[in-house]
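The values are calculated or read from the model by the stated rules, or taken from the named source; none is laboratory data. This structure is a prediction, so every number in the text was calculated from the model and none was measured. Cβ: placed from backbone, ideal geometry, glycine included. Neighbour counts: every protein chain shown.
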Amino acid sequence: MKAMRKFLLAFAGVAMLAAPQASAAAASGLAAAEAKARALSAQLQLMEDRRELERLQMVFGFYYDKKLWDEVAVLFAPTGTMELDNRGVFVGPQSIRKFLNVFGEGPIKRGQLFNHIQLQPLVTVAPDGKTAKARWRAFIQTGVVSQSGEWADGVYENDYVKEGGVWKIKRLRYCQTMRTDYDKGWAKDAEPAAGVDPRFKPDRPSTGGCKAYPEVEGPAFHFKNPAG
């Protein structure tokens with residue numbers, strides 16, 4: 001895609017160099033061609049940004065699955081935040097890294113299951129291409145062999161920022177939709193969203209508004225209804 005953008009802009013530039021020798025009508029047509037080339041370049045950049053943001057979130061999910069906490073933390077911007085359910089807000093990669101031990105020290109150990117499958121991406125890139133928002137769904141399987149197992153599901157409403165040409169997580173906010181014992185299932189068991197763990201004091205209080213099944217409260221949509 002980057003090569004295509006360069007080609008479009010180069011083509012438009014060559015056309016404009018020839019404009020002084022062209023008639024007024026031709027020059028107008030060349031200017032229109034340049035404008036179209038720039039519009040196509042902007043669209044290609046938007047597609048690249050969306051692809052990179054989806055890749056970033058998927059990378060987050062794979063590192064998270066394996067409890068690779070160092071790798072997870074560096075995906076955040078210097079002032080990036082993590083907020084999981086109602087556990088509070090943790091600010092900056094160092095604070096986030098310490099907090100992740102709430103799920104046990106990494107990497108994942110034999111006999112543990114900690115899958116966080118990233119689904120349903122809806123990415124909205126800002127017009128200036130410097131920030132973005134996205135909503136994701138996580139389908140979760142956790143457990144320890146021969147001891148316990150849980151199903152869970154939740155929604156992310158995240159913010160991202162581009163720094164030095166690289167997308168980073170600016171704000172990761174997750175709200176649990178459902179969590180239940182594997183054997184009982186959600187028809188018989190509905191676990192509440194987690195609160196603050198006294199071992200890990202947050203930098204800021206929770207945003208609030210995360211209530212798990214059978215309640216229905218979760219993060220607001222960052223996007224408008226495309227048909228509305």
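Tell me the strands (runs of 3 or more DSSP E) entirely within region 40-136 that contain at least 2 residues that are in contact with a strand residue (DSSP E or B) (Cβ under 6 Å, 6 or more places away or on another chain) and over 30 Å from Glu215 (Cα atoms).
Of the strands (runs of 3 or more DSSP E) lying wholly inside region 40-136, those with at least 2 residues that are in contact with a strand residue (DSSP E or B) (Cβ under 6 Å, 6 or more places away or on another chain) and over 30 Å from Glu215 (Cα atoms) span 76-84.
Do we have Gly185 as within 21 Å of the chain's Cα centre (by Cα), in a loop (DSSP other than H, G, I, E, B) and assigned by TED's automatic domain parsing to the domain that holds Leu100 here?
Answer is no for this residue.
Enumerate the pairs (first residue in region 133-156 and closer than 18 Å to Thr81 by Cα; second residue anywhere and not in a strand (DSSP E or B)) with beta-carbon separation below 7 Å, excluding pairs fewer than 6 apart on the same chain, so at least 6 apart or on different chains.
Going by the 7 Å Cβ cut-off, the qualifying pairs are Lys133/His222; Ala134/Leu53; Ala134/Gln57; Arg135/Phe221; Arg135/His222; Trp136/Gln57; Val155/Gly218; Val155/Pro219.
Conditions tested, residue by residue: (1) within 22 Å of Asp189 (Cβ to Cβ); (2) hydroxyl-bearing (Ser, Thr, Tyr); (3) outside the structural domain of Lys67 (by TED's automatic domain parsing); (4) surrounded by fewer than 18 Cβ atoms within 10 Å (Cβ to Cβ).
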residue: Gln94; (1), (2), (3), (4): no, no, no, yes
residue: Asn115; (1), (2), (3), (4): yes, no, no, yes
residue: Leu119; (1), (2), (3), (4): no, no, no, yes
residue: Thr124; (1), (2), (3), (4): no, yes, no, yes
residue: Thr131; (1), (2), (3), (4): no, yes, no, yes
residue: Gln147; (1), (2), (3), (4): yes, no, no, yes
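Mind listing just one residue for me: the one in region 213-223 that is more than 18 Å from the chain's Cα centre (by Cα) and loosely packed, with under 10 Cβ neighbours inside 10 Å and, of those, modelled with the lowest pLDDT?
It comes out as Val216.
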